[in-house]
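Have a look at the structure below before the remarks.
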Amino acid sequence: MGNEPEKHHRKIIHIDMDAFYASVEQRDNPELRGKALVVGGSPEGRGGVVATASYEARKFGIRSAMPSKQALHLCPHVIFVRPRFAAYKEVSQKIRAIFSRYTDLIEPLSLDEAYLDVTEDKLNIGSAIEIAQQIKQAIKDELQLTASAGVSINKFVAKIASDINKPDGLKFIGPSAIEAFMEKLPVEKFFGVGKVTAQKMKNMGIHTGYDLKQLTEDELVKYFGKAGRFYYQIVRGIDSREVQPHRETKSLAAEDTFAYDLTTIEEMDAELDKIAQTVCNRLQNYQLKGRTITLKIKYSDFKQITRNQSFTSGVNDLETISATAKRLLAATLPEDKKIRLLGISLSNFGDIVQKQKEEKETDQLKLPFS
């Protein structure tokens, strides 16, 4: 009886590319290799933000989502490069092709990471660790990039494991080691625990999985709502979520933070035209139509609002997207306001254009904001 559950353990791999955008830039431009590199917005003017940083830049404390000006302050010799999303997408598709040699159960989370269920692999290798090693080696040999892998019996633990030995790491956390591992894990590492929740937990004296484990399920629900049930399961290493190879894309968006505040309708409309074009290109590339258009506005004081409009049928044409965004903006009476960011997203993909079967695997890649 003691060995019975072993038959039902899944074999899950989480692959996470190492400093993906920066690594692609360094691979394609030898002059950038070994240099402190930021892929993201320029620090000029008010400055953009860091999309990702090379490991050489991370040594100076530079991290994703940091203002580019701050990155420059931390490392005055850092090199800034604008993102090339088309190049990253092309590489991502090649990585996906490598995954597909081993399994069709692939759930992309973004261009640079994915879950793989290799409980039954195509090559009958049997060992998830061996498969992870082969995938890492193929990515290195064929694409001159490195990836880190986490291997376990569920998605949550595999994802955490992939981050332990970065870069170029491989970590296996087997069934017998999961509970002890979870007990030592800081609460901020738990899926679904953001900065606010983590601070709330710490204020309650909950710093690790062990501390979290001392609360009953009812107590966790009382303090944290519905998420409490999830925490109760996760801290015990229980995660029944399946790898979803056909996970539906929920939204597709683009946004831009401007070097200087926009103060006139003409400036705002011109920027919305550019953003709408980016969104339109992505929608048509992924053969998607959305029934809801959402406009995102962030003001100079960092106050943020969204406005949306829904349609009876899906749209993906530039004229409709741009005109709708402009109407939504005009309704906010922006004449006397200073705007630092605008974004457009489409969601509610009720109408999906039929695609050729060989193209379907790219539907699920989540595109980043520009």
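Laid out as a table, the results:
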quantity	calculated
Some residue of region 237-252 being farther than 13 Å from Leu342 by Cα, of a type outside the set (S, T, N, Q) and assigned to a helix (DSSP H, G or I)	no
In region 146-172, the residues that are within 15 Å of Ala19 (Cβ to Cβ) and crowded, with 21+ Cβ neighbours inside 10 Å	Ala147, Ser148, Ser162
From the options Ala180, Ala198, Ala259, residue that is at pLDDT 90 or above and aliphatic (A, V, I, L, M)	Ala180
Number of positions in region 121-144 that are in a loop (DSSP other than H, G, I, E, B), closer than 15 Å to Ile13 by Cα and free of Cβ contacts under 8 Å to residues at least 12 places away in the same chain	2
Qualifying residues in region 263-272 (those that are out of contact with any Lys or Arg (no Cβ under 7 Å at 6 or more places or on another chain) and surrounded by 14 or more Cβ atoms within 10 Å (Cβ to Cβ)) - the one nearest to Ile321 (Cα to Cα)	Glu271
Arg236 being farther than 28 Å from Gly41 by Cβ and modelled with pLDDT under 85	no
Residue match in region 216-228 (condition: under 30 Å from Val187 (Cβ atoms), modelled with pLDDT of 85 or more and either under 23 Å from the mean Cα position of the chain (by Cα) or of a type in the set (Ser, Thr, Tyr) (or both))	yes
Neighbours by Cβ (under 8 Å, 6+ apart or cross-chain): first from region 10-22, without any contact (Cβ under 8 Å) to a residue 60 or more places away in the chain; second in a loop (DSSP other than H, G, I, E, B)	Ala22/Ser54
Residue list for region 192-226, filter: crowded, with 17+ Cβ neighbours inside 10 Å and closer than 21 Å to Tyr115 by Cβ	Val193
Subset of region 145-197 [without any contact (Cβ under 8 Å) to a residue 24 or more places away in the chain and either among the β-branched types (Val, Ile, Thr) or touching a Pro at 6+ places or on another chain (Cβ under 8 Å) (or both)]	Ile164, Ile173, Val196
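The values are calculated or read from the model by the stated rules, or taken from the named source; none is laboratory data. Everything numeric here is computed off the predicted structure, so don't read it as measured data. Heads up, the Cβs are rebuilt from the backbone with ideal geometry, glycines too, and the neighbour counts pull from every protein chain shown.
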